Amino acid sequence: MKIKDVIATLEVFAPLPLQDEYDNAGLQVGLTEAEISGALLCLDVTEQVLVEAVGKGYNLVVAHHPLLFRPLRRLSDETQVERCVRYAVSNNLNIYAAHTNLDNAAGGVSCDLAAQLGLQEIEFLNANNAESGSGAIGVLLQPMAAREFVAKVKDLLGTECVMGNALIERPISKVALCGGAGDFLLGKAIDKGADAFLTGEMHYHQYFGHEQEIQIIVAGHYQTEHHVPALLQKMLAQKHPELPTSITTVNTNPIICL
């Protein structure tokens, strides 16, 4: 099996044309004709992740966030991105990113998170067409008090703290969400009658003016997307059950509690 065969599988599920204009999903580093020895799956590409891949004998790293967003002006050891590229080339590592194309695909990042929350009747929060869109919206099997729902989110995402506005006083039934930086969908969540909106990042001023209108829950970019490697693993296992894959053991979240 070659690298290009695995890439083809990923791009059937999340075609590159679905990516946003600013994005740079797809092959980042490597040669697609190379034989594949295994795939390490991660949210972010860091030096520690690449070292882990080499240690496992894998020559493909599949990430959610692209290592390369902009053209490199030089290739030295000054920045993390440059060091990662140099290390990958030196160790015959191939790096691929499925980013906003995976966000916008049916069954992608937000839809998968919605399913993990136990939402029913899941659909795109903002649909481009029947096959693509951004965010997700669905309903809980049973309405929950706001504090209870926040606790459910914290338990699922493995975090002790989330940010939000004041707890709404009505039960939460309809939930909208977007993994990662999804605050651009807050207005759409309100328009669709969501009782709660969960995302990873939100600008300060967007919290204002929604008291008792919608429960805002901001849980962190990493926290709302750290399920993505498992989603990638599931996709690959369905098509290539013989392919060795592992989810990185490296916590790549650059934000820590001080």
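The values are calculated or read from the model by the stated rules, or taken from the named source; none is laboratory data. Everything numeric here is computed off the predicted structure, so don't read it as measured data. Neighbour counts are summed over all protein chains in view; Cβ atoms, including those assigned to glycine, are modelled from backbone coordinates with ideal geometry. All accessible areas refer to the heavy atoms of the entire protein, side chains included, with ligands and DNA or RNA removed. Shrake-Rupley method; radii C 1.70, N 1.55, O 1.52, S 1.80 Å.
Kindly state which strands (runs of 3 or more DSSP E) lie completely within the range 132-242 and contain at least 1 residues that are open to solvent by 20 Å² or more (accessible area, probe 1.4 Å).
Those strands (runs of 3 or more DSSP E) span 136-144, 172-181, 196-201.
Of all residues in the range 41-54, those that are closer than 20 Å to P244 by Cβ and touching a residue at least 12 places away in the same chain (Cβ under 8 Å) have Cβ atoms under 7 Å from Cβ atoms of residues that are open to solvent by 10 Å² or more (accessible area, probe 1.4 Å) and of a type in the set (F, W, Y), 6 or more apart or on another chain, in L43/Y222; L50/Y87.
Can you confirm whether I95 is open to solvent by 30 Å² or more (accessible area, probe 1.4 Å), hydrophobic (A, V, I, L, M, F, W, C) and within 30 Å of A8 (Cα to Cα)?
Numbers: open to solvent by 30 Å² or more (accessible area, probe 1.4 Å): no; hydrophobic (A, V, I, L, M, F, W, C): yes; within 30 Å of A8 (Cα to Cα): yes.
Taking the combined requirement at face value, the residue does not satisfy it.
So for the range 71-83 (the condition being within 22 Å of L186 (Cβ to Cβ), open to solvent by 10 Å² or more (accessible area, probe 1.4 Å) and modelled with pLDDT under 95), does at least one residue qualify? Looking for residues that are within 22 Å of L186 (Cβ to Cβ), open to solvent by 10 Å² or more (accessible area, probe 1.4 Å) and modelled with pLDDT under 95, one finds none in the range 71-83, hence no. Scanning the range 31-61 for residues that are under 30 Å from N128 (Cβ atoms) and small (G, A, S) turns up just one, A39. Selection over the range 98-131 of residues that are open to solvent by 10 Å² or more (accessible area, probe 1.4 Å), in a strand (DSSP E or B) and touching a Leu at 6+ places or on another chain (Cβ under 7 Å) gives a count of 2.
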